[in-house]
Structures are given as structure tokens and as C-alpha cells.
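K.L.:
Can you read through this structure? Questions will come right after.
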Amino acid sequence: MDMPVPMERRRAIAAGFTDRELHGTRWRRVRRGVYLDSERVAELSLEERHLVLARAVCLASDPHAVVSHISAALAHGFAHWGVTTNRVHLTRDRASGARTARQVVLHAARLEPDEVVRCGRLMVTSPARTVVDLARTIPLEHSVVIGDSALRLGAVTHAELLEQLARSKCRPGNSAARRAVAFMDGRAESVGESRSRIAMRAAGLPSPELQARITTPEGACVARVDFLFPNSASSANSTVS
């Protein structure tokens, strides 16, 4: 389904709609002065509703503001878990002016030209900038889920994440981001696998091999497992490839 585009009141009035119609059952107010067809709203997932709200926020915001953080992660299609999505996150390229409102979190930070890309109708932070921004500002488990997804989708590489960390070395939370990036692994195939890796580490277990193939001594593949501990007793008689 194509993402519906919210309509500003002035455009709706110019198209022949009245305020009475806009406040009727056919239309749903996305935010003040911006509306969307009610039937389209009912079809949207939570992630899609967030992106519609992001589009509505951008219509009324500073044209230089860029969708960022969890909003950018949703625009890129990254998997997520446990991150609040009731507010749209924007970043402006300036030293100050950050604020939080009911529907918007506005960040103030330096943005390099290559850290801004287009996703559909939205200008958003690049995959690497998005992952590192989140790793600096949300708990490890939440950021690893998103980072694993970005790596799995091929949207970003570890080298790009490390370069982004180097750029942001003076920003708050960079040490936490460095720990998170070091743990991210695109071989984790789901939110559950990402969270399980975090739980294993918290329990003091050794790091498992991900998506390991188990073969016989003759080289025939007999299984592929999400997690394998090659040095455990149960794996002693198997060959991992």
C-alpha cells in the first residue's frame, strides 16, 4: 500500500472541502491543520501512522529540519522493539534549540550533507547516522535490535557505523553507542534473536555462533541453528561451518 499523504487545511479548502466536512467522520485530524481520509487511517500499521504523522509535522516545521532517531529508523524500515513512537523526532543543524512538545522531539546537532537522505517524501538521517543517534540515546537492548536490523538489511556496514562514531566522539552517549555498535550483528535474523543475544551476555554466557551450519564429518549439512556454542559438550561431535 502506498503511504497516504496528509492534507493541509488550506489545500483541502482550495480543493473545495469545507471546515464542516474536515471535522466530520470522513476525515481524521493527524495534527492541527492537517487531515487524512479516515478509511486510509484504519488501514495503517502503527509504524505507518507514525510516518504519516512525521509527514504532517514536516509540513509545518522548519524546512531544514530532518526526520531522525526512531522516526528515521521507521522510515528506513528497520525492526524495532521497546522504543516509544508517540512523538516524531526531528534534528536541525544548529548548536542549540532542542525541545520536546506533545507530538515532536526536536534535536539540535551538527548534520553533514552525507548524513541526510530521502526516504519517499521524507528527508531523514542516513542509516549510519540513525543507528548511532539511537545507540547514544536509548538502552543497549533497544539499539542493538535496530542496529542488527540495519546490518541485516544491508542498509549500513560496520565500517560506516565506526566512521559515524568517530564523527560523534564528542557527543553525549558516544561511549554507550560504541559498546552497542561493537555488539551489533547482521546475522541476527529477528528481534527475538537480537534480544536473546543481549540476554545471553547478561547471563555471562559465551558469545554463540550465529546461523551456524552443522555438518557431518563427511561434510553433509544436517542442520542450521540460530545459536551454537561450539565448545559445549553437545557440539563436541559436530562440525561447524
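The values are calculated or read from the model by the stated rules, or taken from the named source; none is laboratory data. Treat the numbers as computed from the prediction; the structure is a model and nothing was measured. Here the Cβ positions follow ideal geometry from the backbone for every residue, glycine too, while neighbour counts run over all protein chains shown. Side chains are part of the model used for accessible areas, which takes the heavy atoms of the whole protein and leaves out ligands, DNA and RNA. Shrake-Rupley method; radii C 1.70, N 1.55, O 1.52, S 1.80 Å.
K.L.:
If you take the residues of the range 91-115 that are touching a helix residue (DSSP H, G or I) at 6+ places or on another chain (Cβ under 8 Å) and open to solvent by 30 Å² or more (accessible area, probe 1.4 Å), which of them is farthest from Gln164 (Cα to Cα)?
P.N.:
Gln103
K.L.:
Take the conditions within 21 Å of Glu48 (Cα to Cα), in a loop (DSSP other than H, G, I, E, B) and of a type outside the set (A, V, I, L, M) and apply them to Thr85. Does it pass?
P.N.:
Criteria met by Thr85.
K.L.:
Could you run through the range 12-65 and say how many residues are surrounded by fewer than 12 Cβ atoms within 10 Å (Cβ to Cβ), among the hydrophobic types (A, V, I, L, M, F, W, C) and part of a helix (DSSP H, G or I)?
P.N.:
Looking only at that region, the number is 3.
K.L.:
When you check Ala180 against the structure, is it in contact with a helix residue (DSSP H, G or I) (Cβ under 8 Å, 6 or more places away or on another chain) and more than 17 Å from Glu141 (Cα to Cα), yes or no?
P.N.:
So Ala180 does not fit the description; no.
K.L.:
Which ones in the range 119-140 are among the charged types (D, E, K, R) and at pLDDT 95 or above?
P.N.:
Selection gives Arg129, Asp133, Arg136.
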